[in-house]
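Student: Input: one structure, supplied below.
The values are calculated or read from the model by the stated rules, or taken from the named source; none is laboratory data. Since the structure is predicted, the reported quantities are computational estimates derived from the model, not experimental observations. Here Cβ is always computed from backbone atoms with ideal geometry, including for glycine, and neighbour counts include all displayed protein chains. SASA here: full protein model, heavy atoms, side chains in, ligands and nucleic acids out. Shrake-Rupley method; radii C 1.70, N 1.55, O 1.52, S 1.80 Å.
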Amino acid sequence: MHLEKFLIWIILLRNQEKKSMIKLREPIVAIATPYGASAIGVIRLSGQGVWERVKRYVKIRGEPKPRYAYLVKLIDESESTIDQGIMVYYMSPNSYTGEDMIELSLHGNPLILKKALELFVRSGVRLAHPGEFTKRAFLNGKMDLTQAEAVADLINAKTELARKAAIRQLQGDLSSYVNSLREKMLELLAYVEADIEFSEEDIPTLTKDQTILILTSVEDGIRALLSTVRRGEFIRRGINLAIVGKPNVGKSSLFNALLGQDRAIVTDIPGTTRDFLQEQVHLYGIPINFIDTAGIRSTYDSLERLGIQRSVERIKNADLVLFVIDSSNPVEREDWEVYNLIKERDHIKVLNKVDLGINPSVMDTFPDAVWISAKTGEGIEKLKEVMLEKVGLINEDCMNLYISTRHADMLEKALSVIGSVKGKILMEDISPEIIMLDIREALNHLEEIVGIITTEDMLDSVFSRFCIGK
Ligand code: GDP
C-alpha cells in the first residue's frame, strides 16, 4: 500500500514537466534561400491560418491537401502573374514548427522573391526574425533546446566532424545523455520529497550512502560531458595554433610544411617575418588556424618591434603553441627568452632541422620534444598527431558528444550544487527540505540545457545565431 503511494508520487513528479502544447501564433514569412540568382528560391510561411491569409495570391483549384505538391501561380492584386512554382502546405501539428506552414518554391530571382514577400506582408503576415521558425518548433515541443541549437550548428558546420557532431545532437544524442542524468536526479527528488510528505508513514527511503552514491554517479556523468567542451569548441571554431621561436629556427618553414604549400615567405635573413600570417587548414576534420608569428627578440627596428608586440598578443589567444628550436645549434639565451613567454601555456617543444644533425646539448635540455625537419618533412605527421593529442582531440574514450559553452555553464552550476548537497547530507540533523531544495536546483540547471526551463534572454542568445528563414 505504502509502496503504491510512493510510486504514484514518482509518477506525479515526472509529469510535472511542462508538456508543450501547440500555441496558435501569428503568421510569419521569410525567404529561406540565400540572396542571389538561383534555380529555385524558397519562401516559408508559418502560423495560425496562414493559408487563409495568402490564398488570394497563390492560385490553386480548391483547398490544398496537406503534404501534396501543387503547381501554383503567384498573382498580385490586379491578377497579374508574378511567377509560377510549387507549393506544399503542412497542417498543424505535422510541420517543422508544429504550426500550419506553407513552403513555396519559386524561381530563384531576388526580384520575384522580394515581390512575393511584399504581397504576403500586405496580407498581414509579419516578417520572421532570425531563427524564429526553429524557435517556434522548440516552443511547440517539436525539438528540445539542444536539438534546436544543433540546427544552427548543422547549417554552419565547416568540416565533416562538425557536421557529424551536429547531426548527432539534432538526432537527440546529447538530449538522451542529459535526460539520463535528469532521471537519476528526479528519482532522488522523489525519495526526498516523499520522505518529507509522508514522514509519518512507512514508505521506502534511501540511506545517506545510497543518496551519495546516486549523486556521485550524476557528478561523474556531468564531468564526462564537461570534458568534451574544449573539443566541442575546437570543432566549431577551430584551434588557434601559434608558432613561436627566435628568428631563423624555421618557423615559417614549419608553417609551410604543416600547410603543405608555400604561404609564408622563407628567407635566411633573421627577422623577416614582420607580421603574423593566418591560414586555416583542416587536420582530421578539425579546423586549425595557424598563426605564424614574427620572430621574438630584442631589436632596435621599430617595425620589427611592432610585429613582435603583436606576436605576443597573438600568443595570448592561442589554444596551443609550437615552440621551435634549431636543434643543430646549442640552446641560446634568445631561445629561453621566448620559452619564458610561453612556458605557462599549452605548448609543444619542436626541435627543427634534425637533417643537419642534432646538437647533443639540445637533446639533453628538451628530452620531451618532437623532432622534425621542416625542410625534408621528417616528423611532420608525428607532430600533427601530437598536436591533436595535446588539445584532447585524439582520445580513446571520446564520447562523440561535443557540448557548447552554454551547456558547460549549466553543467558547472549543477556540479557545484551537487558537490555542496553531498557535503550537507553528511552533516548531522540537516533538514530534508534543504536537501530537497538543492536537488531541485541542480535539476533545474540540467533542465536548462535541454530547455525544459528557459528564460527569454537564454532563448534570445540561442536563436540570434540563426539565419532568417530557419
Ligand atoms: P624563421 O625565421 O624561424 O621563420 O625561419 P625560416 O623558416 O625563415 O627558416 C630560416 C632558414 O632555415 C631558411 O634558410 C630555411 O630554409 C632554413 N630551414 C628551416 N627549416 C629547416 C630544416 O628543417 N632543415 C634545414 N636544413 N634548414 C631549415
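Student: So in segment 233-251, with the set limited to residues that are open to solvent by less than 40 Å² (accessible area, probe 1.4 Å) and charged (D, E, K, R), which one is nearest to the ligand (Cβ to nearest atom)?
Tutor: Ranking the candidates gives Lys251 first.
Student: Another question, then. Could you list, in sequence order, all residues of segment 428-470 that are modelled with pLDDT of 85 or more and over 30 Å from the mean Cα position of the chain (by Cα)?
Tutor: Ser431, Pro432, Glu433, Ile434, Ile435, Met436, Leu437
Student: Where in segment 124-232 are there helices (runs of 4 or more DSSP H), lying wholly inside it, with at least 1 residues that are modelled with pLDDT of 90 or more and surrounded by fewer than 16 Cβ atoms within 10 Å (Cβ to Cβ)?
Tutor: Passing ranges, in order: 145-156, 160-170, 173-197, 208-226.
Student: Can you find a residue in segment 262-283 that is at pLDDT 75 or above, over 30 Å from Val421 (Cβ atoms), outside any strand (DSSP E or B) and within 16 Å of the ligand (Cβ to nearest atom)?
Tutor: no
Student: Next question. Scan segment 359-378 and report the pairs whose first residue is open to solvent by 30 Å² or more (accessible area, probe 1.4 Å) and whose second residue is basic (Lys, Arg), with Cβ atoms within less than 9 Å and a gap of 6+ or a chain change.
Tutor: What qualifies is Asp368/Lys349; Trp371/Lys382; Lys375/Lys353.
Student: In this structure, is Ile315 away from the ligand (no atom under 11 Å from the Cβ), at pLDDT 95 or above and hydrophobic (A, V, I, L, M, F, W, C)?
Tutor: For Ile315, the condition - away from the ligand (no atom under 11 Å from the Cβ), at pLDDT 95 or above and hydrophobic (A, V, I, L, M, F, W, C) - is not met.
Student: Could you check segment 141-165 and list, in sequence order, the residues that are touching a strand residue (DSSP E or B) at 6+ places or on another chain (Cβ under 8 Å) and of a type in the set (D, E, K, R)?
Tutor: Selection gives Lys158 alone.
Student: For residues in segment 337-358 being touching a residue at least 60 places away in the same chain (Cβ under 8 Å) and of a type in the set (Val, Ile, Thr), which is surrounded by the fewest Cβ atoms within 10 Å (Cβ to Cβ)?
Tutor: The residue in question is Ile342.
Student: Quick check: anything in segment 320-336 over 30 Å from Met458 (Cβ atoms), of a type in the set (A, V, I, L, M), away from the ligand (no atom under 16 Å from the Cβ) and at pLDDT 90 or above?
Tutor: yes
Student: Look at Arg305 and say whether it is assigned to a helix (DSSP H, G or I), more than 12 Å from the ligand (Cβ to nearest atom) and at pLDDT below 85.
Tutor: For Arg305, the condition - assigned to a helix (DSSP H, G or I), more than 12 Å from the ligand (Cβ to nearest atom) and at pLDDT below 85 - is met.
Student: Would you confirm whether any residue within segment 381-391 is farther than 20 Å from Phe290 by Cβ and within 16 Å of the ligand (Cβ to nearest atom)?
Tutor: There is no residue in segment 381-391 that is farther than 20 Å from Phe290 by Cβ and within 16 Å of the ligand (Cβ to nearest atom).
Student: If I filter segment 346-355 for residues that are part of a helix (DSSP H, G or I), within 16 Å of the ligand (Cβ to nearest atom) and on the phi < 0 side of the Ramachandran plot, do I get at least one hit?
Tutor: Checked against the condition, which is being part of a helix (DSSP H, G or I), within 16 Å of the ligand (Cβ to nearest atom) and on the phi < 0 side of the Ramachandran plot, segment 346-355 yields at least one hit.
Student: If you don't mind, there's one more thing I want to ask. With the condition kept exactly as written, say whether any residue in segment 101-108 is closer than 23 Å to Val462 by Cβ and open to solvent by less than 30 Å² (accessible area, probe 1.4 Å).
Tutor: yes
Student: Another question, if that's okay. Does any residue in segment 137-160 that is closer than 15 Å to Lys470 by Cβ come within less than 8 Å, Cβ to Cβ, of a residue that is among the aliphatic types (A, V, I, L, M) and part of a loop (DSSP other than H, G, I, E, B) six or more places away or on a different chain, and which pairs are these?
Tutor: Ala137/Met143; Val151/Met143
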